[in-house]
């Protein structure tokens, strides 16, 4: 495996576990004397994921000319077909990996763009399987197999998969069909002042209506550390961000088109 160039496009709905997958693959790649190129769908054009991955050393790294990790972003509004078609000439390890969230599978499956993406994938990761009963996971996996009989379907928790599994999943000569991305509103906001902890925690535990996803770096009043915040659906997390390179506080939100709901959410976040 180490002699092959590893070229992966990672796609999937908001909050499915794509960034976690890229982080895991990059950690594995540190042990390989090879080159990898990963494209990951980003939240709008905010660069939050890329900043975090780059700070961890996964954006680019070298080892005497024998190693190169290159992670690039795909904007959420960019058609997946355009991303796939502009890739360099196919290599033996070129793969399209689609990550879907088992806990929100029905909502994802209802959208044409993700049904077609799964049908065109080399590998479908059915992620967050710890949120459903075993019988439900089996049923969801069968649904994906009927949709994409040539794809490898891997049930997983926390996007755990190996390069060997991805390289074993391939659909040589498969016709790939992609639909336009879903209509989702995006809002990016640079935060000029620290946030009030209780306001931030309330925002995370009870996200405002119209917010599907939020991710960013924030500062909290009276605390010197930078914190990372992430919201997916009705769940969220606040963690210390152990950054070697300071990041300017900023947050990206995705949800209802038009921007009204997202702007109202930012106003709520900034409340004293």
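The values are calculated or read from the model by the stated rules, or taken from the named source; none is laboratory data. Everything numeric here is computed off the predicted structure, so don't read it as measured data. A quick note on method: Cβ atoms are made from the backbone with ideal geometry, for glycine too, and the neighbour counts reach across all protein chains shown.
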Note to self: Suppose the filter is in a strand (DSSP E or B) and at pLDDT below 85; does residue 216 pass it?
What the structure shows: no
Notebook entry, point to check: Can you name the residue in region 209-224 that is over 16 Å from the mean Cα position of the chain (by Cα) and within 28 Å of residue 13 (Cβ to Cβ) and, of all such residues, is surrounded by the fewest Cβ atoms within 10 Å (Cβ to Cβ)?
Noted result: 209
Checklist line | Exclusive hit being out of contact with any strand residue (DSSP E or B) (no Cβ under 7 Å at 6 or more places or on another chain), assigned by TED's automatic domain parsing to the domain that holds residue 262 and touching a residue at least 12 places away in the same chain (Cβ under 8 Å), set 180, 214, 209, 174 | finding: 209
Margin query: Taking the criterion of being outside the structural domain of residue 12 (by TED's automatic domain parsing), assigned to a loop (DSSP other than H, G, I, E, B) and at pLDDT below 90, would at least one residue in region 227-236 satisfy it?
Written below: yes
Notebook entry, point to check: Quick one: is residue 157 modelled with pLDDT of 90 or more, in the same structural domain as residue 24 (by TED's automatic domain parsing), farther than 20 Å from residue 27 by Cα and outside any helix (DSSP H, G or I)?
Noted result: no
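Condition check ((1) more than 17 Å from residue 17 (Cα to Cα); (2) touching a strand residue (DSSP E or B) at 6+ places or on another chain (Cβ under 8 Å)) across all residues:
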{"position": "85", "(1), (2)": "yes, no"}
{"position": "93", "(1), (2)": "yes, yes"}
{"position": "98", "(1), (2)": "no, yes"}
{"position": "112", "(1), (2)": "yes, no"}
{"position": "123", "(1), (2)": "no, yes"}
{"position": "137", "(1), (2)": "no, yes"}
{"position": "149", "(1), (2)": "yes, no"}
{"position": "155", "(1), (2)": "no, yes"}
{"position": "159", "(1), (2)": "no, yes"}
Next item on the list: Name the helices (runs of 4 or more DSSP H) wholly inside region 46-142 in which the number of residues that are at pLDDT 70 or above, under 23 Å from residue 158 (Cβ atoms) and under 19 Å from the mean Cα position of the chain (by Cα) is 1 or more.
Entry: 105-109, 112-120
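Conditions (1) assigned to a strand (DSSP E or B); (2) under 25 Å from residue 131 (Cβ atoms); (3) at pLDDT 85 or above, marked per residue:
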residue: 201; (1), (2), (3): no, yes, yes
residue: 223; (1), (2), (3): no, no, yes
residue: 253; (1), (2), (3): yes, yes, yes
residue: 257; (1), (2), (3): no, no, yes
residue: 261; (1), (2), (3): no, no, yes
residue: 268; (1), (2), (3): no, no, yes
Check: Quick one: residue 227 ticks every box in (1) exposed (fewer than 12 other Cβ atoms within 10 Å of the Cβ); (2) over 30 Å from residue 150 (Cα atoms); (3) out of contact with any helix residue (DSSP H, G or I) (no Cβ under 7 Å at 6 or more places or on another chain) bar one, so which box is it?
Finding: (1)
Next item on the list: Taking residue 176 as the residue in question, decide whether it is in contact with a helix residue (DSSP H, G or I) (Cβ under 6 Å, 6 or more places away or on another chain), over 29 Å from residue 81 (Cα atoms) and surrounded by 15 or more Cβ atoms within 10 Å (Cβ to Cβ).
Entry: no
Next item on the list: May I ask you to list the residues in region 100-117 that are under 16 Å from residue 84 (Cα atoms) and buried (at least 23 other Cβ atoms within 10 Å of the Cβ)?
Entry: 114, 117
Next item on the list: Filter region 181-196 down to residues that are part of a loop (DSSP other than H, G, I, E, B) and modelled with pLDDT of 85 or more and give me whichever is nearest to the chain's Cα centre (by Cα).
Entry: 191
Next item on the list: Considering (1) surrounded by fewer than 20 Cβ atoms within 10 Å (Cβ to Cβ); (2) in contact (Cβ under 8 Å) with a residue 24 or more places away in the chain; (3) in the same structural domain as residue 221 (by TED's automatic domain parsing); (4) closer than 21 Å to residue 255 by Cβ, say which one residue 194 fails and leave the rest.
Entry: (4)
